[in-house]
Structure formats: C-alpha cells, structure tokens
Amino acid sequence: QVQLVESGGGLVQPGGSLRLSCATSGFTFSMYTMDWYRQVPGKQRELLARITGVSSTYYTDSLKGRFTISRDNAKNTIYLQMNSLRAEDTAVYYCHLLMGRDYWGQGTQVTVSS
C-alpha cells in the first residue's frame with residue numbers, strides 16, 4: 001500500500017535552515033507529481049511546492065525563493081530545503097500524493113523560535 005513518511009522537522013532559530021524528507025513506497029514514484037503542504041492549527045492546509053516526475057517545480061508566491069523542493073527517484077524520496085526560516089513558518093509539514101485519491105503522510109512539526 002502507499003506510504004508517505006515525513007522526517008526532518010524540529011526546533012530551529014529564526015534565520016536557520018531545515019531539510020525535510022518524505023520517503024515513499026507502494027507506487028511507481030517516478031511517475032507521479034508530489035507536493036509539500038503545511039498546516040497551522042485552525043487554518044487550512046496550504047500548498048507550498050510541487051514537483052513532477054521529471055522535476056519540474058512550482059512554488060507558492062509567498063515562499064519568495066526561501067524553499068526548494070527536490071526529488072530523488074532512485075530513493076523514492078522528496079525533499080524540502082527551507083532557508084531563512086521565520087516564526088510564521090511554524091507548522092506541521094506534510095507531503096502529498098494524488099493518485100486516484102489523496103494520500104498524506106503523518107506530518108512533521110517545524111517550530112521556528114528563539
């Protein structure tokens with residue numbers, strides 16, 4: 001079955017960096033577009049970035065070049081490199097796959113605080 005497992009979250013100071021990973025299994029990874037979302041309590045889940053199977057990318061305007069999505073088709077994994085982190089980036093970060101239905105990982109908490 002499809003599995004998405006995020007990792008790499010944690011506590012980081014403002015201005016710092018983190019790299020999130022989403023390890024996947026159960027489907028032909030290289031054929032599918034994958035996304036990163038985040039969610040703050042009380043708000044809707046927000047699309048951050050998208051990457052196709054051939055690594056074409058899309059970013060939401062609000063990221064202003066601070067985040068980079070990438071993928072390693074040999075490892076069935078996508079990544080989100082997050083730089084210049086701000087307090088407002090504090091959220092639970094999820095990877096997402098649309099394959100007939102929505103698949104989500106369990107999420108990884110990112111907290112940006114001094």
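The values are calculated or read from the model by the stated rules, or taken from the named source; none is laboratory data. These numbers come from a predicted model, not from an experiment. Note that we place each Cβ from the backbone using ideal geometry, even for glycine, and neighbour counts take in every protein chain shown. All accessible areas refer to the heavy atoms of the entire protein, side chains included, with ligands and DNA or RNA removed. Shrake-Rupley method; radii C 1.70, N 1.55, O 1.52, S 1.80 Å.
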Seminar exercise, completed: Those residues of region 91-101 that are closer than 16 Å to V5 by Cα, open to solvent by less than 30 Å² (accessible area, probe 1.4 Å) and not aromatic (F, W, Y) come to a total of 3
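Only one of these is within 20 Å of V2 (Cα to Cα), touching a residue at least 24 places away in the same chain (Cβ under 8 Å), open to solvent by 50 Å² or more (accessible area, probe 1.4 Å) and touching a Cys at 6+ places or on another chain (Cβ under 9 Å): W104, W36. Name it. Give the derivation first.
Numbers: W36 fails: open to solvent by 50 Å² or more (accessible area, probe 1.4 Å).
The unique qualifying residue is W104.
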Seminar exercise, completed: Residue pairs within 9 Å by beta carbon, gap of at least six or interchain, first lying in region 1-27 and within 25 Å of D102 (Cβ to Cβ) and of a type in the set (K, R), second part of a strand (DSSP E or B) and modelled with pLDDT of 95 or more, listed first then second, are R19/Y79; R19/L80; R19/Q81; R19/M82
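Being small (G, A, S), part of a loop (DSSP other than H, G, I, E, B) and either under 10 Å from M34 (Cβ atoms) or more than 15 Å from the chain's Cα centre (by Cα) (or both) is the filter here; which residues of region 57-89 pass it?
The first filter runs over region 57-89 and keeps only residues small (G, A, S), leaving 62, 65, 70, 74, 84, 87.
Next, only the ones that are part of a loop (DSSP other than H, G, I, E, B) stay: 65, 74, 84.
Of everything in region 57-89, those that are small (G, A, S), part of a loop (DSSP other than H, G, I, E, B) and either under 10 Å from M34 (Cβ atoms) or more than 15 Å from the chain's Cα centre (by Cα) (or both) turn out to be A74, S84.
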For this session: Just name the residue that is surrounded by the most Cβ atoms within 10 Å (Cβ to Cβ) out of those in region 53-71 that are closer than 19 Å to G8 by Cα and of a type in the set (V, I, T).
Result: I69
For this session: Could you please let me know if T111 is part of a strand (DSSP E or B), open to solvent by 60 Å² or more (accessible area, probe 1.4 Å) and within 19 Å of R19 (Cβ to Cβ)?
Result: no
Exercise. In this structure, does V112 turn out to be in contact with a helix residue (DSSP H, G or I) (Cβ under 7 Å, 6 or more places away or on another chain), in contact (Cβ under 8 Å) with a residue 40 or more places away in the chain, hydrophobic (A, V, I, L, M, F, W, C) and within 20 Å of G10 (Cα to Cα)?
Worked result: yes
Problem set entry | Tally, over region 72-90, of residues that are at positive phi and crowded, with 16+ Cβ neighbours inside 10 Å | 1
For this session: Go through (1) under 13 Å from the mean Cα position of the chain (by Cα); (2) farther than 15 Å from G107 by Cβ and name the single condition V92 misses.
Result: (2)
Problem set entry | Unmet requirement for R50, which otherwise passes all of (1) modelled with pLDDT under 95; (2) buried (at least 16 other Cβ atoms within 10 Å of the Cβ); (3) of a type in the set (K, R) | (1)
For this session: Return only the number of the condition from (1) without any contact (Cβ under 8 Å) to a residue 24 or more places away in the chain; (2) under 19 Å from A23 (Cβ atoms) that Q44 does not satisfy.
Result: (2)
